Each structure stands twice: as C-alpha cells, then as structure tokens.
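Mind having a look at this structure? Questions to follow.
Derivation of every value follows stated rules applied to the coordinates shown; laboratory data play no part. Quick caveat, the model's predicted, so the values are computed rather than measured. Because the Cβ atoms are built from the backbone with ideal geometry, glycine has one as well, and the counts that use them run over all protein chains shown.
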Amino acid sequence: MPTPQQHDPKLARQLILDELFDLSLYKALREIIGGESRKVLDELVLVETQHLAFWQKFFDLKLIALDLPRRLKLQGMILVCHIFGSTAVHLVLEAIEVHGVRKYLSLWKSYKGQPLGHALEGILLDEFKHEDVLVTQLTERKINPEKIRNIFLGMNDGLVEILGAVSGFFGAFGDAATVLIAASTTAVAGSLSMGAGIYVAVGSEKEVKKTESDRQQFLKADTVVAEVEEQPLASALVVGGSYIAGAMVPVLPVLFGAKDALFSLLTAGSMIILVSMVLAFLSGMDIKKRILTNLVIIACAVAITYAIGLMAKTLWGVSV
C-alpha cells in the first residue's frame with residue numbers, strides 16, 4: 001500500500017488540479033483555432049482526460065473545479081491566445097508541455113521505486129511517446145520558439161543594463177537632460193553591440209555547421225538531416241531591436257520629465273516582472289524564482305551604478 005507521504009494531500013491536490021487545468025486549457029484552445037491544430041488538441045484532450053481520471057483514482061480524490069489562482073491563470077492564457085491567435089496557442093502548448101515533463105521528471109526522481117514513482121512512469125511515457133510528439137510536430141511547423149525567446153531575452157538585457165546606466169548617470173550628473181542624452185546614446189550603442197555580436201556568432205555557427213554537413217555528406221551522405229538555418233542578419237535585427245525596446249522603458253520616464261531614477265526604477269521593475277514571467281513560462285523555469293532573480297539583479301544594478309555615479313561626482317567633480 002502507498003505510504004502517507006505518497007498520498008500527501010497537498011501533492012495529490014496539485015497533480016489533479018494541474019491535469020484539470022491542462023484539460024480545461026486544451027478544450028478552450030481548440031475553440032480558438034481550427035484545422036490541423038484542432039485535431040492535435042482533440043488528441044491532447046483525450047490524453048489529459050485519461051491522466052485526470054488516473055490521478056483521481058490513484059489518490060481517491062475527485063476534484064471538478066479549479067482553484068482561484070489556476071482559474072485566473074487559465075483566463076489570462078485564453079485572453080492572450082484570443083489576441084495573438086495561433087502563434088500564441090502554439091507557444092502555450094509548447095510551454096505547457098515543457099513544464100509538465102519537468103514537473104513529472106522531478107517527482108519521479110523523488111518517488112522512484114515507490115508506488116507513486118511507478119505511476120509517474122506511465123504518465124511520463126504518455127508525455128514522451130504521445131503528447132510531446134504531438135506538440136513538437138505541430139509547433140515545429142508553425143513557430144520558431146528560439147526567435148520568441150531571443151526577443152524577450154533582448155528586452156531583458158536592455159531593461160537591466162539601461163536602468164543601471166540611468167541610475168548611475170543620475171548619481172553623477174543629477175541633470176535630466178544630460179541623463180537622457182547619455183542613456184539614449186548608451187542604449188543605441190548597446191543595441192548595435194548586441195546585434196553585431198549575434199550576427200558574428202550566428203554567422204560563425206553557420207560556417208561550422210556547413211563544414212560539418214559537408215563532412216557528413218562525404219562520409220555518409222544518406223544520414224545527413226537538413227536543418228532550418230538561423231539567418232545572421234535576421235537574428236541580429238531581432239536581438240538588437242528587442243534590446244532597444246527594453247532599453248527605452250527606463251529612458252521614457254526621463255524623456256517625460258522625471259528628475260530622478262525612481263520612476264525609471266518603477267517602470268523598469270514592472271516591465272521586468274512581465275518579461276520574467278513570459279521568459280520563465282516559455283523556457284519551463286520556475287516563474288517566482290525567475291522574477292525574484294531579476295528583481296535582485298536590477299536592485300543590485302541600481303544600487304551599485306548609483307553609488308559609482310555619486311563617487312564619480314564626489315571624487316572627480318563630475319557635474320553639469
């Protein structure tokens with residue numbers, strides 16, 4: 001018989017509600033898009049229905065309604081998918097799959113060799129052999145998740161770096177016009193630098209892959225698999241553009257009359273929470289951990305750069 005630990009009420013409730021959430025989400029998403037995507041969602045609904053019934057029977061616990069946090073999360077995802085259409089649906093499907101696999105693998109390691117561990121093996125086999133395959137086949141043809149992640153990563157870098165620059169310039173100069181000029185110049189330079197770096201990196205990677213592909217064709221031509229190549233210029237534009245977009249968030253309050261770094265900190269902090277949530281969701285990370293990490297980073301960046309600005313003003317008489 002399973003031990004009380006394996007029938008921990010909190011864990012049982014979490015697993016059942018998670019499956020109920022996925023099932024509710026898939027049912028809602030199939031009403032947003034049609035065609036091949038709807039057929040995939042029909043199959044996912046069938047899989048999740050089986051998973052939900054399995055956990056309800058395993059824990060002898062029947063839950064038919066989501067709790068408030070999951071209901072709000074569900075409504076938020078559905079709203080985003082309604083606004084952005086099939087691309088958002090495919091991103092959500094991929095992210096949900098990543099989160100599910102990571103969660104079940106983590107639990108399987110903890111309960112390996114126990115009844116719950118054996119039960120998780122069956123769920124994971126479904127995830128890897130059926131559900132994951134369905135989602136992967138659909139999203140590979142529809143979207144480029146790496147490009148989406150590059151957008152938000154570029155925004156994240158621009159937010160943090162230019163917020164630090166704004167606070168440092170305010171510490172040194174204390175004059176809004178000078179801060180605006182200096183921060184905007186830094187933002188443009190950072191955008192060009194990141195774009196150029198990505199361009200060179202992707203170009204070099206393409207050359208290495210081409211050499212490897214030529215080698216494989218010479219050795220075993222029938223085993224070569226064609227890959228979708230990332231274009232250096234396109235990647236540079238995406239990363240550079242998203243960086244400048246993120247950088248403008250702490251700069252705009254200064255443009256509209258802010259006399260210190262406080263408003264830049266508030267706007268950038270709010271945006272960094274949103275960007276962190278999207279990045280964590282897309283990559284399967286813990287959302288709270290990602291938000292906390294980024295907030296600590298920007299707090300340190302602001303404190304350190306402001307202190308450096310004050311030091312420069314005090315020691316070297318930097319002023320305007």
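Scattering from the C-alpha atoms of the range 9-142 alone, worked out with Debye: what is log10 I(q)/I(0) at q = 0.15 1/Å?
-0.71
Now for a different question. Among 311, 271, which comes first, second and so on when ranked by fewest other beta-carbon atoms within 10 Å? If you can, show how the numbers build up before the last one.
On the way: 311 14, 271 19.
Fewest-to-most Cβ neighbours within 10 Å comes out as 311, 271.
Considering the dipole of the range 1-73 built from charges on the beta carbon (Lys and Arg +1, Asp and Glu -1) around the Cα centre, which of 52, 65, 12 is farthest to its positive end?
The listed residue farthest towards the positive side: 65.
Further question on the same structure: Gap in Å between the Cα centre of the range 154-196 and the Cα centre of the range 60-118?
First find each Cα centre; the distance between them is then 38 Å.
State to the nearest 20 debye the size of the charge dipole of the range 9-142 about its Cα centre, where the only charges are +1 on K and R beta carbons and -1 on D and E beta carbons. Intermediate values should be presented prior to the final figure.
Numbers: 18 positive and 18 negative charges, 77 e Å.
Here the size comes out at about 380 debye.
Take the alpha carbon gyration tensor of the range 238-286, find the square roots of its eigenvalues, order them as a ≥ b ≥ c, and report rounded if a/c is under 1.5; if not, report prolate when a/b exceeds b/c, else oblate.
Working: a/c = 4.74, a/b = 1.76, b/c = 2.70.
Here the range 238-286 falls in the oblate category.
Sticking with this structure for a sec: What ratio of Cα Rg to 2.2 N^0.38 Å holds for the range 1-79? Before the final figure, lay out each step's value.
On the way: Rg = 14.1 Å, N = 79, 2.2 N^0.38 = 11.6 Å.
Cα-based Rg divided by the globular estimate yields 1.22.
Using Cβ counts within 10 Å as a stand-in for footprinting exposure, how do 49, 211 rank, fewest first? Don't skip to the answer; put the middle values down first.
On the way: 49 14, 211 10.
In increasing order of surrounding Cβ atoms, one gets 211, 49.
Given the pairs 112/289; 39/209; 57/288; 103/288, which span a C-alpha to C-alpha distance of over 24 angstrom in this model? It would help to have the intermediate numbers written out before the result.
Numbers: 112/289 26 Å; 39/209 36 Å; 57/288 31 Å; 103/288 15 Å.
112/289; 39/209; 57/288, as the Cα separations exceed 24 Å there.
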